[in-house]
Amino acid sequence: MKLEEIKENDTNKIFPLINSGDKELDFLPLFSIGEEEDEEEQEQEDYSEILPILALKNTVLYPGVIIPITVGRSKSIIAVNEAYESDKNIAVLTQRNISTKKPLYDDLYKIGVVAKILKVLKMPDGTTTAILQGKVKLEFKELIESEPALKGSFTFLEEEPVDNSPEFIAIVSAMRDMAEKIIKLSPNIPNDASMMLQNIKTPRFLINFIGSNLNTDVETKQKILEIENIEHKADEVLKRMNHELQVLELKQKIEVDVHGDMEKQQRDYILNQQLKKIQEELGDSPSDNDISELEEKAKTKKWTEAAQKKFDKELKKVKRMNPSAPEHSILINYLECLVDLPWDEVTEDLFDLESAEKILDEDHFGLHKVKDRILEHLAVLKLRQDMKSPILCLVGPPGVGKTSLGRSIARAISRKYIRMSLGGLHDESELRGHRKTYIGAMPGRIIQSIKKVESSNPVFILDEIEKMGNSFKGDPSSALLEVLDSEQNTTFYDNYLELEYDLSKVLFIATANSLQTIQPALLDRMEIIQVNGYSIEEKLEIAKRHLVSKQMEEHGLKESHLTLPHDTLLKIVTDYTRESGVRSLEREIAKVMRNVAKNIVLGTYKNINLKPEDIPEILGPKKVNLDDVFEEEHGCGVSVGLAWTSVGGDILFIESSLSKGKGKLTLTGNLGDVMKESATTALSFLRANCEDWNIDPETFDKTNVHIHVPAGSIPKDGPSAGITILSALTSSFTKRSLRRNLAMTGEITLRGKVLPVGGIKEKVLAAKRAGVKDIIMCYENEKDVKEINPDYIKGVNFHYVKQIKEVLDFALV
């Protein structure tokens, strides 16, 4: 079909995807139907320098390319008709801004093309369509007329000749290949466009043809038109094609993925619907069974009114929901959690105090404070029935039985037992739970533990409460403020439940090695019970009652196989353990049991009666040597102090020496700031009161003082070494020795007072083990000594003082 034969009604069939460039419509040329012309004929044709102007809004016309333009503005129609009636040549320029209704000189790009009007068609809707073919590039010099139509003067630009270099040929070939790919990937370009590309032989026309059909903005197309060098123009068009190809490939990948996902979802939905219908026919629907089970459990459940309302609301929601929906399983899990929780279900307490006391004594030796507190609670609970459980905190060194005591308490009062380790916990949601909207959400560990034991009044051990951390996820110790407050834990809120749960019936028992890292607000909510370290006598009793029988059972031994006399156990305790608890003692006894088991299996002997002298052969040389602490004469300047450690008490030597100098004080032994201040205070007091002990005041300015505390690798701190340091300094300056078998502990002031210190039980028991005969301490610590079993401190004399003078009067020989 030739252009002259086109009828008005056939125009849309030929250009189905092309809209007006003159009206305010999008124009995206996809291909041209023009025929390639001889470039030499185009260059030989003469054009008038004054031409009517057609301003385009949404496209750029390239030389050699044919496009239809729907002409709407009156000036444009006059210009087209005038040109069509004369030589059919018209200057085609593109507007800079499509919103300009009456463009003038400054509103138009200066580089355009002269076009031949091939046909002017009157369309059925009254519009005029002109079919234009670009010929030669021109430059807009001057606007001559603006009425009734635009007319201007132009100069024509000569195109550079095509250089058929290998690089240029490669670029043109790449353009053809890339255009083929774009046509295949783009759904809006007909497949006939590939045939048109194959028929284009001239590289210049190919570049113009592809450039005019690029899916890019008008400004970019105009820049490509203005490029003079043909190789540069080809390179720019190739870059734009590459970008367009990448976009199309990515778009196709996304469409394929989405289509695949949609197909899978549709397939799953159809299969689920079929399965649902089959199950309905068989009368066996898993979802319906789950809901029926929940309803049956809820009928007999004793819970709060709020929990009942929440259950009914969520149950109605899950019944309306498609079982294949993700939220369905989330709601089912939530409802199961609600019905499995023991809202008002409690175990019956054992109110027989004698039986409870017997059970506590069977499991643990000593620990009288804790046992008395539990028995008091049982007594009050028996009288009142609805008393809130106490919140206890057992503080003491490792291995003294704090954690195992919780299990014993649960057995004594016939309650369920829960232990939750808080060591290293740094996420608040571990305690409070996650909101159920999150994937994998679950209740906090408190609610989970109560759900597991199926009782609302268990004994709940919060182990290692001082070792909790905090992070950007929250502070778990702050979350415990509500849990461990008897006035608040009746309405404990878990994020997963979204309901209040009563924890007031739970007997919380926290354990800690130290109170230093527990925040004050949390510490204030708990009843602190100190669990002190065991004495040698207590360790012996624990070994006889519990450890030996336990280890014999674990190693398959019978009582007929082994006999451990009192002296043998005493040697193990004193020579191979140095701790507050009994963990090391249990390990040493286990070594003995393994040795005995080996000999019995080998047939060396059937019955073993171990004597103290047999222990070194099994356990090796003794690990603790305190027998010779006071055997040698220490001389002047050495005093013995008492220290508290995490594993119990210990004795501490303070050494002082004097040398000629200018009064410099040197402190060594890995001392902390408080202990350094105690040394400075002691030296200042001695300097101020030197005449009371016949010390020349000038001596301090001529003497350097060095105070050293042995075991330099171990950090030491605290004020309790005040009187010990002062005694060592006074001994050095007066050349008087200190009393043998003497130890002391107490803080000093510059006014000469002795202040009380802590850890008295551990310190006194350590002194007893080391063979100390006399102990000096503040008179206010006498109450702490009275709490120690008198049998454990036989042979030790206590000297209670108020002033430093009393200390030195007794200590100095």
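The values are calculated or read from the model by the stated rules, or taken from the named source; none is laboratory data. Owing to the predicted nature of the structure, the values given are computational and were not obtained by experimental measurement. Backbone-built Cβ (ideal geometry, glycine too); neighbour counts: all protein chains shown. Surface accessibility is based on the protein's heavy atoms, side chains included, excluding ligands, DNA and RNA. Shrake-Rupley method; radii C 1.70, N 1.55, O 1.52, S 1.80 Å.
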Inspect the range 794-806 for any residue being under 30 Å from Lys660 (Cβ atoms) and either surrounded by 24 or more Cβ atoms within 10 Å (Cβ to Cβ) or touching a strand residue (DSSP E or B) at 6+ places or on another chain (Cβ under 7 Å) (or both) and give the result as yes or no.
-> yes
Residue identified as at pLDDT below 90, closer than 13 Å to Ala721 by Cβ and either within 52 Å of the chain's Cα centre (by Cα) or not aromatic (Phe, Trp, Tyr) (or both) among Asp650, Asp628 = Asp650
Hey, can you tell me all the residues within the range 528-584 that are part of a helix (DSSP H, G or I), open to solvent by 50 Å² or more (accessible area, probe 1.4 Å) and closer than 23 Å to Asn513 by Cα?
-> Glu537, Arg583
Are any of the residues in the range 204-216 in a helix (DSSP H, G or I), open to solvent by 30 Å² or more (accessible area, probe 1.4 Å) and not aliphatic (A, V, I, L, M)?
-> no
How many residues are within 30 Å of Leu353 (Cβ to Cβ) and of a type outside the set (S, T, N, Q) if we restrict to the range 400-448?
-> 18
Among the residues of the range 794-813, count how many are more than 26 Å from Ser535 (Cβ to Cβ) and not hydrophobic (A, V, I, L, M, F, W, C).
-> 5
Answer yes or no: is there a residue in the range 549-558 that is touching a residue at least 40 places away in the same chain (Cβ under 8 Å) and under 30 Å from Ala767 (Cβ atoms).
-> no
Taking interchain pairs and intrachain pairs at least six residues apart, which have beta carbon atoms under 7 angstrom, with the first residue in the range 589-609 and more than 23 Å from Leu570 (Cβ to Cβ) and the second in a helix (DSSP H, G or I)?
-> Tyr605/Asn599; Lys606/Ile600
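What do you reckon, is Val764 in contact (Cβ under 8 Å) with a residue 60 or more places away in the chain, in contact with a helix residue (DSSP H, G or I) (Cβ under 8 Å, 6 or more places away or on another chain) and buried (at least 24 other Cβ atoms within 10 Å of the Cβ)?
yes
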Go through the residues of the range 138-149 one by one and say whether even a single one is touching a residue at least 40 places away in the same chain (Cβ under 8 Å), closer than 22 Å to Glu85 by Cα, open to solvent by less than 20 Å² (accessible area, probe 1.4 Å) and of a type in the set (Ser, Thr, Tyr).
-> no
All helices (runs of 4 or more DSSP H) inside the range 303-375 with 1 or more residues being under 25 Å from Pro458 (Cβ atoms) and of a type in the set (Lys, Arg) = 305-320, 353-363
Could you list, in sequence order, the residues of the range 503-527 that are part of a loop (DSSP other than H, G, I, E, B) and in contact with an Asp or Glu (Cβ under 8 Å, 6 or more places away or on another chain)?
-> Asn513, Ser514, Leu515, Gln516, Thr517, Ile518, Arg525
Kindly provide the set of residues from the range 769-792 that are part of a helix (DSSP H, G or I) and open to solvent by less than 20 Å² (accessible area, probe 1.4 Å), ordered by number.
-> Asn781, Val785
Among the candidates Ala721, Ala743, which residue alone is of a type in the set (A, V, I, L, M) and more than 19 Å from Gly533 (Cβ to Cβ)?
-> Ala721
Looking only at the range 730-759, count how many residues are farther than 17 Å from Lys802 by Cβ, in contact with a Phe, Trp or Tyr (Cβ under 9 Å, 6 or more places away or on another chain) and not small (Gly, Ala, Ser).
-> 8
Just a yes or no: is a residue in the range 454-466 closer than 20 Å to Ala356 by Cβ, open to solvent by 50 Å² or more (accessible area, probe 1.4 Å) and of a type in the set (Gly, Ala, Ser)?
-> no
What number of residues within the range 77-98 satisfy the criterion of being open to solvent by 10 Å² or more (accessible area, probe 1.4 Å), without any contact (Cβ under 8 Å) to a residue 60 or more places away in the chain and within 60 Å of the chain's Cα centre (by Cα)?
-> 2
Pairs, please: C-beta under 7 Å, at least 6 apart or cross-chain, first residue part of a strand (DSSP E or B) and in the range 51-65, second hydroxyl-bearing (Ser, Thr, Tyr)?
-> Leu54/Ser76; Ala55/Ser76; Leu56/Thr94
Looking at Ala479, is it touching an Asp or Glu at 6+ places or on another chain (Cβ under 6 Å) and open to solvent by less than 40 Å² (accessible area, probe 1.4 Å)?
-> yes
Considering only residues that are polar (S, T, N, Q) and over 30 Å from Glu362 (Cα atoms), look in the range 413-445 and name the one that is surrounded by the most Cβ atoms within 10 Å (Cβ to Cβ).
-> Ser429
Across the range 634-647, what is the number of residues that are open to solvent by 50 Å² or more (accessible area, probe 1.4 Å) and either among the β-branched types (Val, Ile, Thr) or at pLDDT 90 or above (or both)?
-> 1
Mind checking whether some residue in the range 663-676 is touching a residue at least 60 places away in the same chain (Cβ under 8 Å), over 22 Å from Glu579 (Cα atoms) and not polar (S, T, N, Q)?
-> no
Test Tyr493 against the stated conditions and say whether it is open to solvent by 10 Å² or more (accessible area, probe 1.4 Å), assigned to a loop (DSSP other than H, G, I, E, B), in contact (Cβ under 8 Å) with a residue 60 or more places away in the chain and on the phi < 0 side of the Ramachandran plot.
-> no
Take the residues of the range 735-768 that are in a loop (DSSP other than H, G, I, E, B) and charged (D, E, K, R): which is farthest from Ala679 (Cα to Cα)?
-> Arg740
Out of all the residues in the range 313-358, which are out of contact with any helix residue (DSSP H, G or I) (no Cβ under 6 Å at 6 or more places or on another chain), surrounded by fewer than 16 Cβ atoms within 10 Å (Cβ to Cβ) and among the acidic types (Asp, Glu)?
-> Glu327, Glu336, Asp344, Glu345, Glu348, Asp352, Glu354
Consider Ser74 carefully, then state whether it is modelled with pLDDT of 85 or more, open to solvent by 20 Å² or more (accessible area, probe 1.4 Å) and over 60 Å from the mean Cα position of the chain (by Cα).
-> no
Selection count where residues are within 28 Å of Gly581 (Cα to Cα), open to solvent by 40 Å² or more (accessible area, probe 1.4 Å) and not in a helix (DSSP H, G or I), scope the range 376-404 = 1
